[in-house]
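Written out below as C-alpha cells is the structure these notes cover.
Throughout, read-outs are computed from the coordinates displayed, never taken from laboratory work. If you're wondering where the values come from, they're calculated on a predicted model, not measured in any experiment. Neighbour counts are summed over all protein chains in view; Cβ atoms, including those assigned to glycine, are modelled from backbone coordinates with ideal geometry.
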Amino acid sequence: MGRDRSHIHPDIVFVSPEAKDDALTRRVIERLPDADIRYLSRDGDPLSELSPDETGLSSGQELSEVDRFTAGKRLLLLTRYKGSWLKACPGTSSHVCCNLWIVNPGEGCPLDCTYCYLQSYLKRNPTLKLYTNTAELLEAIGERASQNPDRLYRVGTGELIDSLVWDDLTDFTREIVPFIGSLPNVILELKSKDDCVDNLVDLRDTHNGNTVVSWSVNAREVSEKDEAATATLDERIAAAERVVAAGYRVGFHFDPLVFFDGWEEGYQEAVESIFSRIPSTAVAWVSVSSLRYQPDMQRIMMERFPDSSLPFGEQFQSKDSKLRYVQPIRFKMLRFVWEQLKSVREDMPVYMCMESSAAWRSINGGAPVAGSELAEVFTRRGRLPILPSSGPA
Amino acid sequence: MTASAHSQAGGTTSFSLEDFMSERRIEGVLRDRILKLDTKDQQALSSILEESHPSANTLRDILRLASEVAARDKISLAEVFTQESVSLLLGREGLSRKDKQRLIKKEMERLRYPERRRLEDRAQELCRELVKDTGLRMELPKDLEGGTIAVRVSERSPEGFAEIADKFNQLSQHPSCVSLFNLLNGVE
C-alpha cells in the first residue's frame, strides 16, 4: 500500500567498511536490486568516489556546492554513527521551544523540498546517510529514560531525515516502535511527508500508544510547487487514516506557512481536508510555524529551484539571523491557521514552533500553561493515554 | 560588452558606466557583475546612475533588490529599472541626487517587498495621525517586530508633565492607536 517510491530510491549505495555485515545494510541492499552497490575501503566522502562520467564533469573539474547537493540526493551511504545519539532539539534563539529530544537514524532526505534547511545545513556533506547500528540508538534512548524515570521524554526522529521515507527499505519502525512501546516515560514522534506506513499498521499491537505519527502538511499550492517528491496532501491524509485505525495518535505540522495569493483559502482547505477524514480526538498535537530560513538558503533556492517564489518572500532578518516574514504578515497567518484549527475543536492542542513570546501573547493570549491542552507537548512529566485500536486499516 | 554612453530620454550623453565606476571606486564583484549585464540592462542602469550618482553601497543594494524583483517576476532588469514609478522619479524636477538615490532605493524596496512597505507606510501614517491629535510621538519596534510601542515624552515644565496623563488617556482611546497595535499583531 502507499505510493510507488522508486523515484526517490538511490542510484548508488555506498557501504562503509564497518557497516557491511550489519542487518540493516543487508536488508537495504536486498530491497534495492537495481541500485549500484559499492563497498568502500575506507570512510570518507562518497561523492569523491564518483567517476567523471557519473558527475558529468571532465577530470579535474569540481562540482559546484549546489550541484554537489543535488548529486547527493541520488547517493546513499550505509554507515555506523559514532556520535551521541540523543540530543535536545536546538530550537532557535529568542523563541519559545517545545522541549523535543531528537535522535537521527540517518541524515539527508530524498524528498527535496524547496525550503528544506538541510540544503544549507548539509551543504558540505550532502550524501544521504542511513546508520546501521540502530541497536545503539535504541540503547541510548532506553538508558536516558531509565536514568530519569519521573521525566517524560518526547523524542523525534524527523530532524535530519524524514522519519518514514526509507522505512520500506530499513524496517526501522519495526525496531523502534515496539521498543518505545515498552518504555513508561517516552513518547516517540515519527514526522514525515511520506505515506510509507505499512510497518506501522502491522505494529498495531505493540506501539502501546507511545508513538505519535505526524505529518508536515501545507496548502496544496505550496505542496504541489515546493515539495517536489513528497506524497500529496491526500496521500498523507490517507496514511494518517490508516495509522489512526491502527490505534496511533497523529500530529500535523502546518510548517512552513507560506504567504502567497490565496493563502487563506489554501490553508482553510487543507485544514478542512484533514479533519473531514481524521477524527480530531485522535490528534496528539498540531504545530504552526511560518517560513524561515538562513540567509544563504535564498541563493541556494534560487539556483536549485529557479521557478519557486519562496526565495522572494516579504521577509526580514530576525534576531536569530533567519529570514522570516515581517511580524504583521506572520502573525496574521499564524492566527488564521490557529483559529481554523480551534474551530475544528476548541481544545485542539495547537502550538507554535520556533515563534517569539510576542507571537504566543498575541495569538494564544500568553505562553502555554500547565494543565492546558498543551501540557503534553510542553511538560516534562506525565504519561500518554493509550488509545484502543479502532478497527482494521 | 562595453559600457557605452546612454540617456533614457533617448539622446546620447557623455555618461560612461566605466568612468562612473572608476570615479565611485566600484570594484571587484560588483563591477564585474555590472559589466556582465546585457546591453539593455546596462543602459537602464546607466540612466539611474547618471541621475542619482549612488555610492557603491547604495548601488549594491539597488542592484540586489532589482535583481530579486526581476527573478521573482520573470522580467529583465531593464524592465524593473524602466517601470513607470522609477521613470517618474528620475524625471522629477527639484530633487537632488541624494534625494533621488534615497527615493530610488525606497522604490526598489517597495517593488521587492510590496506588502511590507505597505504595512510600514500604514504604520507611519497612523503615527503621524497620533502625533497630530495627541502630540505624542510613537516609536515603532524595529522591523515591526515585537509587541510593544514606545512613546517618547519630553516637556519643558512640571505643568507639561501634568498634562501628559490626559494625552495618554486620549491616546489609549484613539482609533489610530488601536489600529497600530492591530497592524503589529496582524489583526487588520
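With R₀ set to 60 Å, the beta-carbon distance separating A:ARG42 from B:LYS98 gives a calculated FRET efficiency near 0.45.
In plain terms, the C-alpha convex hull of the stretch B:5-112 casts an average shadow of 6.2 nm² when viewed from every direction.
Extension gain, A:SER84-A:GLU224: 0.36 nm per intervening residue step, less the Cα-Cα distance, totals 46.7 nm.
Looking at the stretch A:287-322, the trypsin sites (Lys or Arg not before Pro) that sit in a DSSP loop and have at most 15 other Cβ atoms within 10 Å of their own Cβ are A:LYS319.
Short-range pairs are left out: with C-alpha atoms under 8 Å and at least six residues apart, the relative contact order of the stretch B:115-184 is 37 percent.
Subtracting the Cα-Cα distance of A:ASP168 and A:ALA135 from their residue separation scaled by 0.36 nm leaves 10.0 nm. Projected label points at B:VAL153 and A:SER51, each 7 Å from Cα along the beta carbon direction, are separated by 8.0 nanometres.
Convex hull volume of the C-alpha atoms in the protein assembly as shown, normalised per residue: 196 Å³.
Close lysine pairs were tallied over the stretch B:5-112: pairs 8 or more places apart or on different chains with Cα atoms under 24 Å apart number 9. Excluding the sites themselves, what is the longest stretch of chain A that contains no GluC sites (Glu not before Pro) in a DSSP loop with at most 14 other C-beta atoms within 10 Å? For GluC sites (Glu not before Pro) (loop position, at most 14 other Cβ atoms within 10 Å), the longest site-free span of chain A is A:63-345. Between A:SER182 and B:GLN173, the FRET efficiency estimated from the beta carbon spacing at R0 = 56 angstrom works out to 0.35. Rounded to the nearest 0.05, the FRET efficiency derived from the C-beta distance between B:LYS142 and B:ASN182 at R0 = 22 Å is 0.70. Translational diffusion of the stretch A:172-252, estimated by Stokes-Einstein from the Kirkwood radius over alpha carbon pairs at 37 °C in a medium of 0.692 mPa s, is 253 µm² per second.
Once both labels are positioned 7 Å from their Cα atoms along Cα-to-Cβ, the gap between A:GLN147 and B:VAL131 label points is 5.8 nm.
From helices alone, chain A scores -9000 deg cm²/dmol at 222 nm; the rule is -39500 (n - 2.57) for each run of n ≥ 4 DSSP H residues, then divide by the residue total. The label point for B:GLU163 and the one for A:THR232, both projected 7 Å from the Cα toward the Cβ, are 6.8 nm apart.
The alpha-carbon of A:LYS82 sits under 17 angstrom from the alpha-carbons of these lysines, leaving out residues fewer than 8 places away in its chain: A:LYS20, A:LYS129. Relative to the longest principal axis of the Cα atoms of chain B, helix B:39-52 runs at roughly 50 degrees.
With the convex hull drawn around the C-alpha atoms of chain B, the volume per residue stands at 166 Å³. What the pair-distance distribution of the stretch B:115-184 shows, using all Cα-Cα distances binned every 10 Å from zero, is 19, 52, 23, 6, 0 percent. In units of the rule-of-thumb radius 2.2 N^0.38 Å, the stretch A:1-43 shows an alpha carbon radius of gyration of 1.27. Rounded to the nearest 10 degrees, the angle from helix B:158-173 to the longest Cα principal axis of chain B is 80 degrees. Amide H contacts of A:HIS253: A:TRP215, A:SER216, A:VAL217, A:SER287, each under 5 Å away and 5 or more positions distant or on a separate chain (H built 1.01 Å from N in the peptide plane; Pro and chain starts excluded).
Kirkwood hydrodynamic radius, the stretch A:229-324, all distinct C-alpha pairs: what's the number in Å? Computed over Cα pairs of the stretch A:229-324, the Kirkwood hydrodynamic radius comes out at 15.4 Å.
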